[in-house]
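Worksheet: one structure, shown below.
The values are calculated or read from the model by the stated rules, or taken from the named source; none is laboratory data. Since we're looking at a predicted model, the values are computed, not measured. Note: ideal-geometry Cβ built from the backbone for every residue, glycine included; neighbour counts use all protein chains shown.
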Amino acid sequence: MRSRWIVLFTVIIELSCLAAPPAVEQQARALQAVLRQADDSYYNKHQSILSDAAYDALRKQYDQLLADYPELSGANPVGAPVGESARVAHTAPVLSLDKVYSDEETTRFLQQTGTNLIYCVEPKIDGLTVVLRYRNGLLVQALTRGDGKTGVDITPAMLASGAVPAALPDAPAQLDVRGEALLSLPAFDALNRRRAESGQAPLKNPRNIASGTLMLTDYTEVARRRLEFQCFELLAADSMPATHTGALALMKKAGLPVVESVPVPANAVLEAIHELNRRRAALPFLTDGVVLKVDDLAVCAQLGATAHHPRSAVARKYEETPVQTRLLGVDWSRSETGRLTPVARFEPVEIQGATVQSATLHNLEHLRAMDLKIGDWINVIRSGGTVPEITGNLPERRTGNETEIPDPKESE
């Protein structure tokens, strides 16, 4: 009996040693809250509250906490659930893409997947991911990505937009595709000119406009905005081709617009990515990176996927080089509704020809999730080339003289 108590006591001690400290639990909760808000805003409300760089930095912190303290993974999973009334199940998970930010990371991906393979290099269009389902040549359903398992049914809006055919004369009986709904830059300019003529404020972001447009019930307005669509993945067909290149050809033959795709051997991938990046400014739509995919679909199936992304594809993101500066303080801005928003003040730095010295954070949870202290060295970028944003701190540069940021109630 005594030995059992000793074993039990030992197990309890070991578990207590492995438990996440309270400070880690608090940061994990803060990170969960911010990432959930960012996912919900991006996928369901069609607004970006964080840049890709800032989101990825927080996501990396969160994933590292889960790796260090697996017991934290069971509570409050990150995701973007859609409204119950609009919930429609996807026939297969609609996954995201893993991201890399350098040639070195891209080369590592090529080594992991296979340096003897053919890869397809494509622009990563900054729009709204939509799944289309055609049956016997007729568009029967269009769904947003949602949380990857369920999405919002936007079939009437997609039909009204004219971005995709309502009927395909030369399509297989079953055809499920995934693509990006977008507002081209010429259409974006035309929309803002029309708004200016009617005394309305100009809109700022083509991606958010494309997303918001497909949620409108004024289908006349939807049609006037001239949305476009580009297919980038064949999800299901009566007879699946052997390659991604063949899948794009099948969708194009059926009458669907498809993304520009350049197949190259592994040793030519980096140059193809750089060439597409050089052409970025001339494209008639916004892109936020380059997509790299294994062409052989059998190899893709063998490589499989995580719960988040396929192992056979990656997004090579355009890296915005952060500038380091020191955090001087945090002010609190109160809106007309009484909501408090933290505004970080830091030592002035020049980024892309502009001097910046402050950046708005999303809310108190965002502030806590970043684990900022006054006196910290921080990384700052101009998101999209315009908006100052803090992407993280540099804890290795702390001296011990940093101070906690006062609670907003204490600073009033």
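For this structure, a couple of remarks:
- Here D170, D147, D126 are screened, and the one residue that is more than 20 Å from the chain's Cα centre (by Cα) and surrounded by fewer than 23 Cβ atoms within 10 Å (Cβ to Cβ) is D170.
- Residue ID - surrounded by the fewest Cβ atoms within 10 Å (Cβ to Cβ), chosen from residues in the range 61-79 that are more than 20 Å from the chain's Cα centre (by Cα) and modelled with pLDDT under 75: G74
- Selection within the range 181-200: residues that are part of a loop (DSSP other than H, G, I, E, B) and out of contact with any helix residue (DSSP H, G or I) (no Cβ under 7 Å at 6 or more places or on another chain). The member of this set that is nearest to A157 (Cα to Cα) is S184.
- Scanning the range 113-132 for residues that are over 30 Å from K204 (Cβ atoms) and in contact with a Leu (Cβ under 9 Å, 6 or more places away or on another chain) gives T113, G114, L117, Y119, C120.
- Pairing residues of the range 316-327 that are closer than 23 Å to H274 by Cα and at pLDDT 75 or above with residues that are of a type in the set (A, V, I, L, M, F, W, C) and not in a strand (DSSP E or B), at Cβ distances under 7 Å and at least 6 apart in sequence or on separate chains, gives R316/I273.
A quick yes/no check of all residues on (1) outside the structural domain of T213 (by TED's automatic domain parsing); (2) in contact with an Asp or Glu (Cβ under 8 Å, 6 or more places away or on another chain); (3) under 28 Å from P206 (Cα atoms); (4) aliphatic (A, V, I, L, M):
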{"site": "Y101", "(1), (2), (3), (4)": "no, yes, yes, no"}
{"site": "Y134", "(1), (2), (3), (4)": "no, yes, yes, no"}
{"site": "L143", "(1), (2), (3), (4)": "no, yes, yes, yes"}
{"site": "D176", "(1), (2), (3), (4)": "no, no, yes, no"}
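- Within the range 281-295, the residues that satisfy the criterion of being in a strand (DSSP E or B), at pLDDT 85 or above and within 26 Å of F188 (Cα to Cα) are T287, G289, V290, V291.
- Taken over the range 163-180, residues that are at pLDDT 90 or above and either in a loop (DSSP other than H, G, I, E, B) or out of contact with any strand residue (DSSP E or B) (no Cβ under 8 Å at 6 or more places or on another chain) (or both) amount to 8.
- The range 261-272: number of residues that are exposed (fewer than 15 other Cβ atoms within 10 Å of the Cβ) and either aliphatic (A, V, I, L, M) or in contact (Cβ under 8 Å) with a residue 12 or more places away in the chain (or both): 2
- Of all residues in the range 273-309, those that are under 11 Å from E122 (Cα atoms) and surrounded by 19 or more Cβ atoms within 10 Å (Cβ to Cβ) total 8.
- In the range 360-391, the residue that is surrounded by the fewest Cβ atoms within 10 Å (Cβ to Cβ) out of those that are of a type outside the set (S, T, N, Q), touching a helix residue (DSSP H, G or I) at 6+ places or on another chain (Cβ under 9 Å) and part of a strand (DSSP E or B) is W377.
- Checking L270, L214, L250 one by one, the residue that is assigned by TED's automatic domain parsing to the domain that holds R178 and closer than 16 Å to A142 by Cβ is L214 and no other.
- Candidate set from the range 317-328 (those that are of a type outside the set (A, V, I, L, M, F, W, C) and either farther than 18 Å from T129 by Cβ or out of contact with any Lys or Arg (no Cβ under 9 Å at 6 or more places or on another chain) (or both)); member that is surrounded by the fewest Cβ atoms within 10 Å (Cβ to Cβ): T321
- Under the condition of being part of a loop (DSSP other than H, G, I, E, B) and touching a helix residue (DSSP H, G or I) at 6+ places or on another chain (Cβ under 9 Å), the residues counted in the range 257-280 number 4.
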